[in-house]
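Participant: Here it is: the structure, laid out below.
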Amino acid sequence: MEGLLNELIEQCRPDTAHGKVASYIPALAQADPNALGVYILDRNGLHSQGGDSQVRFTIQSIIKPILLLQALMDNGEAFVRGRVGVESTGKPFDAINIADAVNQEILSEHINPMVNMGAIVMCTLIQGKDYRERFDRVLELTRLLANDPSIDVDEEVYRSEKATGNKNRALAFLMKSCGLLEGDVEEVLDCYFRACSIRVDCRDLARIAFVLSNKGRDFMGNELFPARYAHYVNAVMMTCGMYDGAGDFALTVGVPAKSGVGGGIMAVVPGRMGIGIYSPALDKKGNSIAGIHVLRRLSRQLELSIF
Ligand code: GLU
């Protein structure tokens, strides 16, 4: 497997030149645009890696499935489903013009937990006496899923996004104005910005994906969360996880996945494996350009598509 991964890295690394590192969060612009790494954990316990798989980067939107999972674990499916819809928006992750008429009912059905609005609402559904405690629970869950207690927050990226995240403030205030978001907007956003700034590597993403691929059980068979929540999270990732490129990704790769503007992609191959990718040069939709190409080739070679 490592031979195949190294071959794919070599074939796909030149594609990084066709993408751009995210810079709307200024601290992200420091990433090496040529980096490309991959890590796979399969159901036989085989770990394989290639390229820059040990580089650490911020999880960004790949925290969204984990926020959803924590919200499900704290409130159950019916409650979460009642607050935020599951339909793909067909719009960028931070789109403001999601619904034509903005009231709570319309807005909540037009967003999903994989776009910023939905993920910000998820932060309000997580239990905790304050937003610091809610964030700490999200960090602990991330560490548990990745089996990596060293996972921490990139304080520089956090401060950078907090200082410049006015689009997210606008989204949050819009939701507050129609009753979809409860609580203090700055506190909710602080939890969201911190969660996006959690620092991981490809192995962490592969391990988290593995648990999702294995119905909530880790490699030792311990149940970390109920199988029905893996079903929920994977289904929403399948249709909404790759920004407004989710349809093309379903066609060309064919597995539930989530990408982040930090350059990560987490791909879940149900019953088979978890995959973590890092390559920060992004395409126009915000997905890792070389990362998607690696996944396309991997999917063809190993017949990963669920369709
Ligand atoms: N923290 C980023 C934002 O809210 C996450 C975006 C992403 O990775 O898609 O803008």
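The values are calculated or read from the model by the stated rules, or taken from the named source; none is laboratory data. Just so we're clear, the structure is a prediction, and the values are computed from it rather than from any experiment. With ideal geometry, Cβ positions are generated from the backbone for all residues, glycine too; neighbour counts draw on all protein chains shown. All accessible areas refer to the heavy atoms of the entire protein, side chains included, with ligands and DNA or RNA removed. Shrake-Rupley method; radii C 1.70, N 1.55, O 1.52, S 1.80 Å.
Participant: Counting residues that are open to solvent by 30 Å² or more (accessible area, probe 1.4 Å) and at pLDDT below 95, which helices (runs of 4 or more DSSP H) fully inside region 117-197 reach at least 1? Full working, then the answer.
Facilitator: On the way: elements: 131-146, 155-164, 166-177, 185-196.
Result: 166-177.
Participant: Another one. Looking only at region 190-201, decide whether some residue is more than 16 Å from the ligand (Cβ to nearest atom) and touching a residue at least 60 places away in the same chain (Cβ under 8 Å). Break it down stepwise before answering.
Facilitator: Pass one, region 190-201, residues more than 16 Å from the ligand (Cβ to nearest atom): 201.
Subset that is touching a residue at least 60 places away in the same chain (Cβ under 8 Å): 201.
Yes - at least one qualifying residue is present in region 190-201.
Participant: Those residues that are of a type outside the set (V, I, T), open to solvent by less than 10 Å² (accessible area, probe 1.4 Å) and more than 16 Å from the ligand (Cβ to nearest atom), I need them from region 225-238; list them, please.
Facilitator: Looking only at region 225-238, we keep the residues that are of a type outside the set (V, I, T), and these are 225-232, 234-235, 237-238.
From the residues that got through so far, the ones that are open to solvent by less than 10 Å² (accessible area, probe 1.4 Å) too are 225, 230, 237.
Result: F225, A230.
Participant: Tell me, which residue of region 198-215 that is within 12 Å of the chain's Cα centre (by Cα) and outside any helix (DSSP H, G or I) is surrounded by the fewest Cβ atoms within 10 Å (Cβ to Cβ)?
Facilitator: Among them, the one singled out is I198.
Participant: Shifting gears a bit: Please go through region 74-86 and give me each residue that is hydrophobic (A, V, I, L, M, F, W, C) and open to solvent by 70 Å² or more (accessible area, probe 1.4 Å), ordered by number.
Facilitator: As a first pass, look at region 74-86 and keep what is hydrophobic (A, V, I, L, M, F, W, C): 78-80, 84, 86.
Passing the criteria: A78, F79.
Participant: Just one of G264, G241, G247 is of a type in the set (G, A, S), farther than 19 Å from E2 by Cβ and surrounded by fewer than 24 Cβ atoms within 10 Å (Cβ to Cβ); which is it?
Facilitator: On the way: G264 fails: surrounded by fewer than 24 Cβ atoms within 10 Å (Cβ to Cβ); G241 fails: surrounded by fewer than 24 Cβ atoms within 10 Å (Cβ to Cβ).
The conditions single out G247.
Participant: Give N44, N34, N6 a once-over and let me know the one that is in a helix (DSSP H, G or I), open to solvent by 10 Å² or more (accessible area, probe 1.4 Å) and away from the ligand (no atom under 16 Å from the Cβ). Explain how you work it out, then say what you get.
Facilitator: Numbers: N44 fails: in a helix (DSSP H, G or I); N34 fails: in a helix (DSSP H, G or I).
Every option except N6 fails the conditions.
Participant: If you don't mind, another one. Return the pairs, sorted by first residue and then second, in which the second residue is open to solvent by 80 Å² or more (accessible area, probe 1.4 Å) and of a type in the set (D, E), the first residue lies in region 216-238 and is within 16 Å of A146 (Cβ to Cβ), the beta carbons are less than 7 Å apart, and the residues are 6+ apart or on different chains.
Facilitator: G216/E223; R217/E223
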